[in-house]
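Worksheet for the structure shown next.
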Amino acid sequence: MDWGIENRLSRLIREDGRCQFLPIDHGYFQGPTTCLENPSKTIDGLLPYADGLFVTRGVLRSSVPSHCQTPIILRVSGGTSIIGGDLSNEGLTTSIDEILRLNAASVGMSIFVGSDYEHQTLTNLARLVDECERYGIPVMAVTAVGKELEKRTARYLALSCRIAAELGARIVKTYYCDEDFDTVVAGCPVPVVIAGGPKCETELEVFEFVYDGIQKGAIGVNLGRNVWQNPHPVPMMRALNAVIHNNATPPEAFELFEELSKGQ
Ligand code: 5RP
């Protein structure tokens, strides 16, 4: 692997081989998402606990301090909205010049396998990999399903993750699934990071799926709403770090969360 790629990945993935990314990119198709209306307020206090911040260039420039030391994963796909015709009809939205200018450690884009725009999003990924690898920037592929959350089966996720890796993604972000998540990870020759999805009913549920996903081979998480829609986002991130970086069990993480939330 080239030194530049290795160096950037080593800033995102800690020496233990694990990572917690913090996504605040939701506005690129959802607009002012609940608890993300003011992105700088949302991230206040959270950055020290994140191994990477997933964000669009607009929110990076407007809402993230330029002295931020958390590595940036720039969201570089989009062009759709939650009220538009088809969320899968994404294009690349950010040039390689911008990616370099903004000192991104990595870039992320969505692919929509099985959708009407499968070919377009997959060839976008291949093109982005070509451009970014030239400058030593690792690409994270996001296996997106749009509104079709029921697609998140091991069979579908394994197919999507493998295709993303085959096209050159250095990291794949995908959903956790209750059954056979280990086959999703096993079939993907590059590291897998677990995506979040809508907020769970309880914190324990979050710790449980993250713990299980990590035990089954994922290297970390990219959780947004389950962190910053929680009334105690800092304790949430710290408890997740305990699961990810210290192998805390779900009850241990929950106990830590409760302890840290007291008096907040
Ligand atoms: C949107 C994304 C987000 O980064 C992803 O959805 C993570 O956020 P959440 O945990 O809230 O689902 O890629 O397409």
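Please treat every number below as a calculation from the coordinates, not as lab data. Being a predicted model, the structure only gives us computed values, none of them experimental. A quick note on method: Cβ atoms are made from the backbone with ideal geometry, for glycine too, and the neighbour counts reach across all protein chains shown.
Things worth noting here:
- All positions within the range 176-192 that are out of contact with any Phe, Trp or Tyr (no Cβ under 6 Å at 6 or more places or on another chain), surrounded by fewer than 24 Cβ atoms within 10 Å (Cβ to Cβ) and not charged (D, E, K, R): 177, 183, 185, 186, 187, 189, 190, 191
- Residues in the range 34-52 include at least one that is in contact with a helix residue (DSSP H, G or I) (Cβ under 8 Å, 6 or more places away or on another chain) and under 28 Å from residue 126 (Cβ atoms).
- Filter result for residue 183 (of a type in the set (S, T, N, Q) and in a strand (DSSP E or B)): no
- Pick from the range 215-231, criterion touching a helix residue (DSSP H, G or I) at 6+ places or on another chain (Cβ under 7 Å) and farther than 16 Å from residue 51 by Cα, ranking: nearest to the ligand (Cβ to nearest atom): 226
- Test: residue in the range 169-179 that is among the small types (Gly, Ala, Ser), under 18 Å from the mean Cα position of the chain (by Cα), within 16 Å of the ligand (Cβ to nearest atom) and under 30 Å from residue 231 (Cα atoms): no
- Residue among 157, 149, 125 that is within 16 Å of the ligand (Cβ to nearest atom), without any contact (Cβ under 8 Å) to a residue 60 or more places away in the chain, surrounded by fewer than 18 Cβ atoms within 10 Å (Cβ to Cβ) and within 18 Å of the chain's Cα centre (by Cα): 149
- Of all the residues in the range 36-77, those that are away from the ligand (no atom under 14 Å from the Cβ), β-branched (Val, Ile, Thr) and touching a Cys at 6+ places or on another chain (Cβ under 9 Å) number 0.
- Extreme residue, nearest to the ligand (Cβ to nearest atom), among residues of the range 196-209 that are part of a helix (DSSP H, G or I) and within 16 Å of the chain's Cα centre (by Cα): 206
- If only residues of the range 1-27 that are closer than 28 Å to residue 134 by Cα and free of Cβ contacts under 8 Å to residues at least 60 places away in the same chain are counted, the one that is nearest to the ligand (Cβ to nearest atom) is 10.
- Given (1) surrounded by 14 or more Cβ atoms within 10 Å (Cβ to Cβ); (2) more than 15 Å from residue 56 (Cα to Cα); (3) free of Cβ contacts under 8 Å to residues at least 40 places away in the same chain; (4) touching a helix residue (DSSP H, G or I) at 6+ places or on another chain (Cβ under 9 Å), number of the condition residue 134 does not satisfy: (1)
- Residue that is surrounded by the fewest Cβ atoms within 10 Å (Cβ to Cβ) [pool: residues in the range 60-91 that are in a loop (DSSP other than H, G, I, E, B) and in contact with a strand residue (DSSP E or B) (Cβ under 7 Å, 6 or more places away or on another chain)]: 79
Here is a yes/no grid of residues against (1) crowded, with 18+ Cβ neighbours inside 10 Å; (2) touching a Gly at 6+ places or on another chain (Cβ under 9 Å):
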residue	(1), (2)
11	no, yes
19	yes, yes
29	yes, yes
33	yes, yes
41	no, no
45	no, no
53	yes, no
56	yes, yes
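- In the range 210-257, the residues that are over 16 Å from the mean Cα position of the chain (by Cα), under 19 Å from residue 73 (Cβ atoms) and part of a loop (DSSP other than H, G, I, E, B): none
- Among the candidates 37, 98, 15, 90, residue that is closer than 23 Å to residue 220 by Cα, out of contact with any Pro (no Cβ under 7 Å at 6 or more places or on another chain) and of a type in the set (Asp, Glu): 15
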